[in-house]
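Undergrad: I'd like to ask some things about the structure below.
The values are calculated or read from the model by the stated rules, or taken from the named source; none is laboratory data. Only a predicted model underlies this, so the values are computations on that prediction, with no experimental measurement involved. Here Cβ is always computed from backbone atoms with ideal geometry, including for glycine, and neighbour counts include all displayed protein chains. For the accessible areas, the whole protein counts, side chains as well, though only heavy atoms, and no ligand, DNA or RNA atoms are used. Shrake-Rupley method; radii C 1.70, N 1.55, O 1.52, S 1.80 Å.
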Number of protein chains: 2
Amino acid sequence: MMIDWTIAPITAIASILVAIYLYFYVNRQSSGTAKMQEIADAIQEGAKAFLKVEFKYLAVFVVVVAAVLAIFLDPIMAVAYVFGSVCSALAGFLGMTVALKANVKSAHAAKQGLNKAFPIAFRGGAVMGLAVVGLALLGLSVVYALTNDPNMVLGFSFGASAMALFAKIGGGIYTKTADVGADLVGKVEMDIPEDDPRNPGVIADNVGDNVGDVAGMGADLFDSYVASVVAVMILGVALSKLAPYASISYGDVPLVFAGLGIVVSILGVAIVRVGKNGNPGSALNMGTYLTCIMFAALTYAVTYYMEINIGVWASAVIGLVGGVVIGITTDYFTSIDKAPVIKTAEASQTGAAVNIITGFSYGLLSMFPALLGIAFASIGSYTVAEHFIGAEGAGVYGIGMAAVGMLSIVGMIVAGDAFGPIADNAGGIAEQAGFEEEVLDITAKLDAAGNTSKAITKGFAIGAAGLTVIALLATFKEIAQAETGQIISFNLMDPLVLTGALIGIAIPAVFSAMVMLSVGKNAFIMIEEIRRQFREIPGLKEGKEGVKPDYASCVDIATKGALKELIPPSVLSIGITLAVGFIGGIQALGGYLAGSIFSGLIFALLMSNAGGLWDNAKKYIEAGALGGKGSETHKAAVVGDTVGDPFKDTAGPSLNTLITVMSLVASVFAPTIVMYALL
Amino acid sequence: MMIDWTIAPITAIASILVAIYLYFYVNRQSSGTAKMQEIADAIQEGAKAFLKVEFKYLAVFVVVVAAVLAIFLDPIMAVAYVFGSVCSALAGFLGMTVALKANVKSAHAAKQGLNKAFPIAFRGGAVMGLAVVGLALLGLSVVYALTNDPNMVLGFSFGASAMALFAKIGGGIYTKTADVGADLVGKVEMDIPEDDPRNPGVIADNVGDNVGDVAGMGADLFDSYVASVVAVMILGVALSKLAPYASISYGDVPLVFAGLGIVVSILGVAIVRVGKNGNPGSALNMGTYLTCIMFAALTYAVTYYMEINIGVWASAVIGLVGGVVIGITTDYFTSIDKAPVIKTAEASQTGAAVNIITGFSYGLLSMFPALLGIAFASIGSYTVAEHFIGAEGAGVYGIGMAAVGMLSIVGMIVAGDAFGPIADNAGGIAEQAGFEEEVLDITAKLDAAGNTSKAITKGFAIGAAGLTVIALLATFKEIAQAETGQIISFNLMDPLVLTGALIGIAIPAVFSAMVMLSVGKNAFIMIEEIRRQFREIPGLKEGKEGVKPDYASCVDIATKGALKELIPPSVLSIGITLAVGFIGGIQALGGYLAGSIFSGLIFALLMSNAGGLWDNAKKYIEAGALGGKGSETHKAAVVGDTVGDPFKDTAGPSLNTLITVMSLVASVFAPTIVMYALL
């Protein structure tokens, strides 16, 4: 039997079926008491209200962009674009829907023990993971099957990425507006615990976990995943013209590898289990490692059997190993029991300022291993691919395959990652429902496991985005070369490339600033509202029976603020990309993309890692060290944590998506730019 | 009469003579009461103690590097290197010596009014400014005259830059260790005013202003100045072989322009005056603008008269204009009466965290105009030079001339910049000596003027460093081409270039982290010591007659800490540069340098601007807004200011020098790397 690219849609459908099965598994579980159900309903209501308004906004944007694409480029491209947006939004929506059920059910199951609560939370995450890869691969396969043109798949990818960018920005602003507001007034000023039902911002905060972390993150990996596959498809088509191949063209190989990745991801999800007193964090990580090993073995077998060039396999495996290495080193900088976190916690003894300086510095240091990892993964995959395939363009194809390798197990990665906010929410619901201490201990353990797995999966996400955008830069060059018929190189001593690069490095910074200022602005309004409620609602602070805060007004502030602030940074980043292209031409745009990749990686790594580190430094103190909760040291650490919130949950993770969108815009418009550029 | 390159040493000597004249002017002024003299003596003692130990450390380093250069490259290069180190150190030493006199004399003169105090502080700064350009240009002229080989001048430049790097790191760590320590315990914990003599850290703090701001900054501009001239000399030698010229070779033009820059700088220094109720800030800026106009006019006349290609002049003027534009836009982001500072101050109402997020975001935004300025200055100068000269290599020569244009008026720039810390110190001495309110008002006005001029001069420094390192990258390529006889290009799709770039972008981040962690570590020790003294010395806090803190122990902590922490980041940055070169070869090193330039500019702009902004947000509140001094809002703003301290005074300004040193190391070792590189 021959394997061809249709393995991709077949496994994608399998993935969606397993997701549906797991959805019903989660749905079968009990939601607990009426009070729990009431809390969960409030969160669900808030989240759905947000998504409804968000999708309404985005529909307008999608239609406008689709019209532009249809008029200036190609109507089929426009349809592919819309299809990509819809698939991406759907994956986010499904993931969030199940997360909003799994949280309360997992909280209820926590009463019967860790080994009951864990599978609900994890399988809730797995629904998201498998839905993401299933919809992504099915969607792009459909476009490919109908058009037989990878360039049209680029339109699908653009749609998915633009949607992901909105989801990340909107969700990121929402979640941190609510979080900062609820924490600063609740924890710092009023001295009431996290997730306390007296806090008017608590529901908005819980909603934020879902619209920000779950929906946003799912859309994020959806977009990298699609982008890496389509980039390699396009590079592969060019390569297939030059290099001999046995049974399958280089353009179709990424689809096969992605399909095999789904197979191992399903197996990985099935494997993960935890005993009554087990450690859910290591169970999750063990699942990830096993999935990697299975992927390497399975793809080797297929490569051997189908006589695919071994350089392709080697590149994919280098990518996978790179992802793990980046994850592990990132983990060092954000782990609660390692030097960076402990030293930052200790620095809090001299106040908030020294906490910030120390955490920020470790965030800067944390870039080094990750960038080295990306650098070695790219030169390694380039070298093996060039060596074994030996044709022009084989090297960058290898880099692309490294990205595909890293992202192949994305189903498993997202499962582990979506587990985090579900567990976090479960803890919140347990707290608000007034569960006893032992149950809260269990939900806290789940929450901690979520943070452990998050570090490694975040490393994967950033590493993969780095390799993907490098492959996309090569794709952009490839398309421009095909259009012009000339060899193009992005030489740094070319003034257009250099100027483009100097502008490009500014964009991720400007973008981050815009979204963080939005958080600051909205948090300000949120804080005023929460303070007002504590001031004006009698008996609220004291927790008098029957007195309830006005949760809805806080939800409303977060929703409106996030949606208002979502459009400017998105439009700006797409607009400047087109302006650079149409004014400066291909050279300037190439430099610009490279600059934005460099700066995007820098800030993504800095912000994600520093944010995680501050968070854990605070938790380290809360666990009783250095004076514990309520001490001056703790207050200083809370400042660091609050600064880190928009770093790690708003700006940082949006940057991956930003540079992917910019690269895709460039590639989609490359043929038009070649024709109409000013310089 | 023909003008040739010997105008450079002639004007350099004139500059030194004027500096000596101004030195005696400052020295003639009264130092005031015995109490003031005592305070000034303590600062002088501390500063000299630091420099003495620092120079001892550095002598070892200089000897080691000189030995390496002599053995592996060229003994003459080694001598030039030592000479460059000595000249740079001498300029810093002289500038600091006069600053340490001008501070107390200016404070004393403040009793007689602003128009008496201002000229002393400004001329004190001018001694530094003119000594810097005089020694720099004289030194490199001597090397050029003796060897007639611009490559040997590269050795001089390397010496100057390595020394500048040490001065910036060591001084930067010192000043912020003292500042953070003194402020956090004094202002925040003990609630005593800035510069209060009861604070054990006050002398160390004042010493820090001198060793950090004065000596460090002088060495910094010394190094960019020399590097830009030598880069253009080398690019000019290559260009002269291809392009026809009238009366002077392209390699000698930068020396002529630098010489003319000295002439206008001397005139500029003479022009600056302020009336009894004048505004010293605008007087300083007006002086800078007039100097720019004079430079443009004078160089145009010389260009016309000597029939130098007009493209050269146009490039230099584009650079100059770029410098002013970068300065003015930077000023917007850090000015006390503009939106970014005011909004950051307002954000402090919701606590320290939101202050940090807001200030950091504006810091990110502030990059955009500066990077656009550098981008347009480079593409503009490239284009005019290529258009008018019309030979291979003319474009990058133009970029270099833009850097020379920006830096030509460095004498005036440094004068305005060194004025700042002198005025700051004068205020400190006036405060400690217990002057009446009106006099303190005058010194406060001087201090504020220092901050105004600082913004514009900082813009110049960063812009010039940006263009200089681009020119140095071209120089590196030029040298490598000459060695290999091949055309070299740094193509971003070349895996070695890309890998180099990914490593290069990490270095400025790692470097910043190392120096900031040093500040955090030392500040911790300093804080403990200051707290101990307040605890253990009876009557200190109450200000009992005759009770004095142990200033010397604080000075000692700052000195030892700074010197211990100085070597690792310096050695690391030079070491990795050589490692990348000798392992990856010319291509990897080119990508690496480009990456470090991008990331160095990003962090230099971010840190300098965010730091200045936080400082002024605090001052805005201290001036009475939003609750004024002592309010919760003020406390939040103090946290931001403290975070900004190592940003703007330790890490940020060292980055210019870092990337210059890295580029120079690459150029100096390029011939050896060509021969022995592994790949």
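Undergrad: Got a sec to turn the phi values of the stretch A:81-95 into Karplus ³J(HN,Hα) couplings, 6.51 cos²θ - 1.76 cosθ + 1.60 with θ = phi - 60°, whole Hz, x for Gly and Pro?
TA: 4, 4, 4, x, 4, 5, 4, 5, 5, 4, 4, x, 5, 4, x
Undergrad: Provide the three semi-axes, in whole Å and in decreasing order, of the ellipsoid equivalent to the stretch B:110-173 as defined by the square roots of 5 times the Cα gyration tensor eigenvalues.
TA: Semi-axes, largest first: 34, 17, 5 Å.
Undergrad: When Lys and Arg each count +1 and Asp and Glu each count -1, what net charge do the other residues less than 13 Å away from residue B:58, Cβ to Cβ, add up to?
TA: Working: positive: B:52, B:56, B:168; negative: B:54.
Cβ neighbours under 13 Å give a net charge of +2.
Undergrad: Is the shape of the stretch B:357-415 rounded, prolate or oblate, going by the alpha carbon gyration tensor and its root eigenvalues a ≥ b ≥ c, with a/c under 1.5 for rounded and a/b larger than b/c for prolate?
TA: Values: a/c = 4.72, a/b = 1.69, b/c = 2.80.
Here the stretch B:357-415 falls in the oblate category.
Undergrad: So what are the ³J(HN,Hα) numbers for the stretch A:628-633, from phi and the Karplus equation (6.51, -1.76, 1.60; θ = phi - 60°), rounded to whole Hz, Gly and Pro as x?
TA: These are the phi-based 3J(HN,Hα) values: x, 4, x, 6, 4, 4 Hz.
Undergrad: Here is a follow-up. For the stretch A:238-336, which trypsin sites (Lys or Arg not before Pro) are both in a DSSP coil and crowded by at most 13 other Cβ atoms within 10 Å? Each step should come with its number before you reach the end.
TA: Details: sites: A:241, A:273, A:276; in loops: A:273, A:276.
Counting only loop positions with at most 13 other Cβ atoms within 10 Å, the trypsin sites (Lys or Arg not before Pro) in the stretch A:238-336 are A:276.
Undergrad: Given a 1.4 Å probe, how much area per residue of the stretch B:630-679 is accessible, in Å²?
TA: That works out to 24 Å² for each residue.
Undergrad: Here's something else I'd like to know. Over the stretch B:132-261, consider all pairs of different Cα atoms and compute the Kirkwood hydrodynamic radius from their mean reciprocal separation; express it in Å, one decimal.
TA: Working: mean 1/r = 0.0586 Å⁻¹.
Mean inverse Cα-Cα distance, inverted, gives 17.1 Å.
Undergrad: Can you give the net charge of the other residues whose Cβ lies under 14 Å from the Cβ of residue A:392, counting K and R as +1 and D and E as -1? Present the calculation step by step, with values, prior to reporting the outcome.
TA: Values: positive: A:241, A:477; negative: A:386, A:478, B:494.
Net local charge, residue A:392 excluded: -1.
Undergrad: Estimate the FRET efficiency between residue A:535 and residue B:579 by the formula 1/(1 + (r/R0)^6), using the beta-carbon distance for r and 51 Å for R0, to the nearest 0.05. Mind dumping the intermediate values first?
TA: Values: r = 61 Å, r/R0 = 1.20.
The pair residue A:535/residue B:579 has a calculated efficiency of 0.25.
Undergrad: Hey, another quick one. Might you report the magnitude of the Cβ-based charge dipole of the stretch A:52-170 about its Cα centre, with Lys and Arg at +1 and Asp and Glu at -1, to the nearest 20 debye?
TA: Details: 8 positive and 3 negative charges, 168 e Å.
The calculation lands at about 800 debye.
Undergrad: Mind listing P(r) for the stretch A:526-601? All alpha-carbon pairs, 5 Å bins, whole percents.
TA: 3, 13, 14, 13, 9, 7, 7, 7, 8, 7, 6, 4, 2, 0
Undergrad: For the pair residue B:282/residue B:337, report the inter-label distance in nm, with labels modelled 7 Å from Cα in the Cβ direction.
TA: 0.9
Undergrad: Quick one: helix B:437-484 against the long Cα principal axis of chain B, what's the angle to the nearest 10°, folded into 0 to 90?
TA: The answer is roughly 20 degrees.
Undergrad: Another question about this same structure. Could you work out [θ]222 nm for chain B from helices alone, using -39500 (n - 2.57) per DSSP H run of at least four and dividing by all its residues? Round to the nearest 500 deg cm²/dmol.
TA: Details: 20 runs with 552 residues, N = 679.
Mean residue ellipticity, 222 nm, calculated: -29000 deg cm²/dmol.
Undergrad: Residue separation times 0.36 nm, minus the C-alpha to C-alpha distance between residue A:21 and residue A:632: what's the value?
TA: On the way: separation 611, 0.36 × 611 = 219.96 nm, distance 4.96 nm.
Result: 215.0 nm gained on full extension.
Undergrad: Once you charge only the Cβ atoms, +1 for Lys and Arg and -1 for Asp and Glu, what is the size of the charge dipole of chain A about its Cα centre, to the nearest 20 debye? Walk me through the numbers on the way to the answer.
TA: Details: 37 positive and 51 negative charges, 81 e Å.
So the magnitude is around 380 debye.
Undergrad: Right, next: Mind checking which aspartates and glutamates have their Cα closer than 13 Å to the Cα of residue A:635? Skip sequence neighbours fewer than 8 apart in that chain.
TA: The reachable aspartates and glutamates, counting only those whose Cα sits under 13 Å from residue A:635, are A:183, A:189, A:191, A:346, A:615, A:622.
Undergrad: Past the 20 Å Cα-Cα mark, which pairs from A:338/B:648; A:56/A:564; A:48/A:564; B:105/B:187; A:454/B:521? If you can, show how the numbers build up before the last one.
TA: Details: A:338/B:648 29 Å; A:56/A:564 13 Å; A:48/A:564 17 Å; B:105/B:187 27 Å; A:454/B:521 30 Å.
Cα-Cα > 20 Å for A:338/B:648; B:105/B:187; A:454/B:521; rest within.
Undergrad: Which listed residue (B:661, A:160, A:533) has the Cα farthest towards the positive end of the charge dipole for the protein assembly as shown, taking +1 on Lys and Arg C-beta and -1 on Asp and Glu C-beta about the Cα centre?
TA: A:533
Undergrad: Another one. Round to the nearest 0.05 the FRET efficiency obtained for residue B:90 and residue B:4 when R0 = 22 Å and r is the Cβ-Cβ distance.
TA: 0.25
Undergrad: In Å, what is the Rg of the alpha-carbon atoms in the stretch A:478-587, and how long is Dmax?
TA: 24.0, 76
Undergrad: Something else now. With an 8 Å Cα cut-off and a minimum separation of 6 or more residues, compute the relative contact order for the stretch B:289-422 in percent.
TA: Values: 142 pairs, mean separation 46.7, N = 134.
Computed value for the stretch B:289-422: 35 percent relative contact order.
Undergrad: Between residue A:45 and residue A:444, what length comes free when the chain is fully extended (0.36 nm per residue of separation minus the Cα-Cα distance, one decimal in nm)?
TA: Working: separation 399, 0.36 × 399 = 143.64 nm, distance 2.48 nm.
Here the segment from residue A:45 to residue A:444 would lengthen by 141.2 nm.
Undergrad: Would you work out which of B:593, B:211, B:85 lies farthest towards the positive end of the dipole of the protein assembly as shown? Charges go on Cβ: Lys and Arg +1, Asp and Glu -1.
TA: Result: B:211.
Undergrad: Something else now. Are there GluC sites (Glu not before Pro) in the stretch A:457-556 that DSSP puts in a loop and that have at most 12 other Cβ atoms within 10 Å, and which ones? Numbers along the way, then the final one.
TA: Details: sites: A:478, A:483, A:528, A:529, A:536, A:542, A:545; in loops: A:542, A:545.
Answer by residue number: A:542, A:545.
Undergrad: Over the stretch B:424-504, what is the mean sequence separation of C-alpha contacts under 8 Å (at least six apart), divided by residue count, expressed as relative contact order in percent? It would help to have the intermediate numbers written out before the result.
TA: Working: 22 pairs, mean separation 13.5, N = 81.
Normalised by residue count, the contact order of the stretch B:424-504 is 17 percent.
Undergrad: Compute the distribution of all C-alpha to C-alpha distances in the stretch B:194-274, in bins of 10 Å from 0, and list the percent of pairs in each, rounded to whole numbers.
TA: In order of increasing distance, the bins hold 15, 25, 25, 18, 11, 5, 2 percent.
Undergrad: Continuing with the same structure: Does the protein assembly as shown come out rounded, prolate or oblate, given a ≥ b ≥ c as the square roots of the eigenvalues of its C-alpha gyration tensor, rounded meaning a/c under 1.5 and, failing that, prolate meaning a/b above b/c?
TA: oblate
Undergrad: Just the number, please: Stokes-Einstein D of the stretch A:377-469 in µm²/s, Kirkwood Rh from C-alpha pairs, 37 °C, 0.692 mPa s. Please report the intermediate quantities before stating the final value.
TA: Numbers: Rh = 15.4 Å.
Once the numbers are plugged in, D ends up at 213 µm²/s.
Undergrad: Find how many whole Å separate the alpha carbon centroid of the stretch A:28-45 from the alpha carbon centroid of the stretch A:111-182.
TA: 24
Undergrad: Sticking with this structure for a sec: Please give the helix B:410-432 orientation as an angle from the longest Cα principal axis of chain B, in degrees from 0 to 90, rounded to the nearest 10.
TA: It works out to around 10 degrees.
Undergrad: A further question follows. Does the stretch A:25-92 come out rounded, prolate or oblate, given a ≥ b ≥ c as the square roots of the eigenvalues of its C-alpha gyration tensor, rounded meaning a/c under 1.5 and, failing that, prolate meaning a/b above b/c? If you can, show how the numbers build up before the last one.
TA: Numbers: a/c = 9.16, a/b = 2.72, b/c = 3.37.
The shape class here is oblate.
Undergrad: If you don't mind, there's one more thing I want to ask. Using a 1.4 Å probe on the protein heavy atoms, what percent of the accessible area of the protein assembly as shown belongs to carbon and sulfur?
TA: Result for the protein assembly as shown: 63 percent of the exposed heavy-atom area is carbon or sulfur.
Undergrad: Nearest 10 degrees is fine. How inclined is helix A:310-334 to the longest principal axis of chain A, computing both from alpha carbons?
TA: For helix A:310-334, the angle is close to 20 degrees.
Undergrad: Given q = 0.07, 0.08, 0.12 Å⁻¹, what are the Debye log10 I(q)/I(0) values for chain B, with equal point scatterers placed on the Cα positions and solvent ignored?
TA: Cα-only, vacuum Debye calculation for chain B: -0.41, -0.54, -1.23.
Undergrad: Treat each spin label as a single point 7 Å out from the Cα along the C-beta direction, and report the residue B:33 to residue A:675 distance in nm.
TA: 8.2
Undergrad: Which residue, A:603, A:676, A:249, has the largest displacement toward the positive end of the dipole of chain A when charges sit on each Cβ (Lys, Arg +1; Asp, Glu -1)?
TA: A:249
Undergrad: What number, in percent, do you get for the relative contact order of chain A if the mean sequence gap of Cα pairs under 8 Å and at least 6 apart is divided by its residue count? Walk me through the intermediate numbers first.
TA: Values: 1357 pairs, mean separation 142.4, N = 679.
The normalised contact order for chain A reaches 21 percent.
Undergrad: Ignoring ligands, DNA and RNA and using a 1.4 Å probe, state the total buried accessible area between A and B in Å², rounded to the nearest 100.
TA: Numbers: alone 23530 and 23560 Å², together 40920 Å².
Heavy-atom accessible area buried at this interface is about 6200 Å².
Undergrad: Further question: In bins 10 Å wide, starting from 0, what share of all Cα pairs of the stretch B:197-333 does each bin hold, as a percent?
TA: Answer for the stretch B:197-333: a P(r) of 10, 29, 32, 18, 8, 3, 1 percent.
Undergrad: Calculate the spin-label point distance for residue B:115 paired with residue B:14, positioning each point 7 Å from the Cα along the beta-carbon direction, and give it in nanometres.
TA: 2.9
Undergrad: Given +1 on the Cβ of Lys and Arg, -1 on the Cβ of Asp and Glu, and no further charges, what dipole in debye does the protein assembly as shown carry about its Cα centre, rounded to the nearest 20?
TA: Numbers: 74 positive and 102 negative charges, 35 e Å.
In debye, rounded to 20, the protein assembly as shown gives about 180.
Undergrad: While we're here: When you have a sec, figure out the Kirkwood radius of the stretch B:269-369 from all distinct Cα pair distances and drop it here in Å to one decimal?
TA: Values: mean 1/r = 0.0601 Å⁻¹.
Final number for the Kirkwood radius of the stretch B:269-369 is 16.6 Å.
Undergrad: Using only alpha carbons, build the gyration tensor for the stretch A:419-524 and give me the equivalent ellipsoid semi-axes, biggest first, whole Å. List each step's numbers first, then the result.
TA: On the way: eigenvalues 434, 74, 21 Å².
One finds semi-axes of 47, 19, 10 Å for the stretch A:419-524.
Undergrad: Oh, and also: Kindly identify residues of the stretch B:367-390 having a loss of at least 40 Å² in accessible area between the isolated chain and the assembly of all protein chains, probe radius 1.4 Å.
TA: Residues shielded by partner chains are B:368, B:371, B:375, B:379, B:382.
Undergrad: Right, something else. Return the whole-Å distance between the Cα centroid of the stretch A:493-526 and the Cα centroid of the stretch A:255-312.
TA: The stretch A:493-526 and the stretch A:255-312 have Cα centres spaced 37 Å from each other.
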